[in-house]
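To start, the structure under review is shown below, and the notes come after it.
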């Protein structure tokens, strides 16, 4: 167990070091709680959902591994999320996919879902004192087997998915209204072609038509905010993705929607952190899906790596916190799922704290004066400053496990709960 006195002493020393650089660690400890990360419910059960838990994943989505103890129903999903939140500093949100409704009262197809199917989630969020975000589920469904949903040239299929989009927006608006916190409604579709298509324009025209129909109803922004999410390719859609970044960025700017930037949905050499300030020149807000791609969009558990740090730094340096909605998107079925949540979320939180501990004004001054050596030197020296001491003190203040202490907590939960499933 962590020694509280040692943590406090280490923090006081770190506080002095950062003060010498003009950084107020107390201000950072207050500001870090402005970052509310939306926890994706689909890590609890490998994207199985509650609609048809034994169904096969489709639409380029694949969860690998069969670690024991995955959640089997909404009750277990919520219990696992409660355990996760008890191990994280600050307040989070929850992000729910449409296939995670409560269908105990009877099945409802995607074009027939209603608020009542998610009222249990809303009530649970009220109890937890957190906000909720929502997503349409345009995959793992017979009407998505062709590889096309909102861009389908089959009018019956296209209309089905347009109705699903409409229903998700109605649900999201009610979520935000009841929780008194705007619900971010993210729309991602797997549409694309395995081999080279001829009529790319026709597919994208269909998608535009569908989005225009689905987004026709207006909802107050204090209740619901729309986001559209691109992807570079997917399994079964290797040659062309209808909803590319170029397409959705243009649609978002023209129609005043948020663009969702998933750092696994771009070419390996593209840096999502560099896209944030570009997008925010033209849209009011962006949504982030923070993940860890390994060679491709493989949705590994987030770690404190350079790409995640770049994303966090870009947001903090430009005071974009109020304009950026942060969510996670990974599903690792090969390790303890609670552990995956805690490691991934803490990594994202640490990246934001490191960014807040940076003497940005000094660095900008160096940059504007052409003092590039000084800028480089200070950035390098910051890498070895005692950030960990500030992080541990933050966790201590928040009453959650410090440092690696959460490992034992998760091991106990696995023994007492997960192993009995």
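None of the figures in this text is laboratory data; all of them are computed from the coordinates on show. Remember, predicted model here, so these are calculated numbers, not experimental data. Glycine also receives a Cβ, built like all others from the backbone with ideal geometry; neighbour counts cover every protein chain displayed.
Here is how the numbers come out for the structure above:
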{"item": "Rounded D (µm²/s) - region 102-256, Kirkwood Rh over Cα pairs, Stokes-Einstein at 10 °C, 1.306 mPa s", "result": "98 µm²/s"}
{"item": "Rg/Rg_globular for region 47-101, with Rg_globular taken as 2.2 N^0.38 Å and Rg from C-alpha atoms", "result": "1.27"}
{"item": "Where only C-alpha atoms are counted, convex hull volume of region 132-224 per residue in Å³", "result": "90 Å³"}
{"item": "Sites residue 4 and residue 34 - FRET efficiency at Förster radius 30 Å, r taken between beta-carbons, to 0.05", "result": "0.70"}
{"item": "Theoretical ellipticity at 222 nm over the chain - DSSP helices of four or more residues, -39500 (n - 2.57) apiece, nearest 500", "result": "-13500 deg cm²/dmol"}
{"item": "FRET efficiency, residue 212 to residue 377 (Cβ-Cβ, R0 51 Å, nearest 0.05)", "result": "0.45"}
{"item": "Rule-of-thumb Rg ratio for region 360-421 [Cα; 2.2 N^0.38 Å; N residues]", "result": "1.93"}
{"item": "0 to 90° range, to nearest 10: angle between helix 155-179 axis and the chain longest Cα axis", "result": "40 degrees"}
{"item": "Rounded to 5, the percent of DSSP beta bridges in the chain classed as antiparallel", "result": "15 percent"}
{"item": "Protection proxy ranking, peptides 24-31, 35-42, average beta carbon neighbours within 10 Å, highest first", "result": "35-42, 24-31"}
{"item": "Difference of contour (0.36 nm per residue) and Cα-Cα distance, residue 62 to residue 199", "result": "46.5 nm"}
{"item": "Virtual spin-label span in nm between residue 111 and residue 369, 7 Å along Cα→Cβ", "result": "6.6 nm"}
{"item": "Cα-only radius of gyration and Dmax that characterise region 169-220, units Å", "result": "15.4, 47"}
{"item": "Distant alpha-carbon pairs in region 184-298 (separation over 25 angstrom), percent", "result": "22 percent"}
{"item": "Rounded Å value of the spacing that divides the Cα centres of region 361-404 and region 126-192", "result": "39 Å"}
{"item": "Residues 306, 76 arranged by fewest to most Cβ contacts within 10 Å", "result": "306, 76"}
{"item": "Most mobile of 108, 216, 355 in a GNM of the chain (Cα contacts under 10 Å)", "result": "216"}
{"item": "With Cα atoms, 0 to 90° folded angle of helix 387-398 axis to the chain main axis", "result": "70 degrees"}
{"item": "Acute angle (nearest 10 degrees) that the helix 372-382 long axis makes with the longest principal axis of the chain, alpha-carbon atoms", "result": "90 degrees"}
{"item": "Calculated FRET value between residue 103 and residue 416, using beta carbons and R₀ = 35 Å, to 0.05", "result": "0.75"}
{"item": "Proxy reagent accessibility, fewest Cβ within 10 Å first, across 158, 317", "result": "317, 158"}
{"item": "Region 149-295 - share of DSSP beta bridges that are antiparallel (%, nearest 5)", "result": "20 percent"}
{"item": "Relative pair counts by distance (%), Cα atoms of region 273-385, 5 Å bins", "result": "2, 11, 19, 21, 18, 14, 10, 4, 2, 1"}
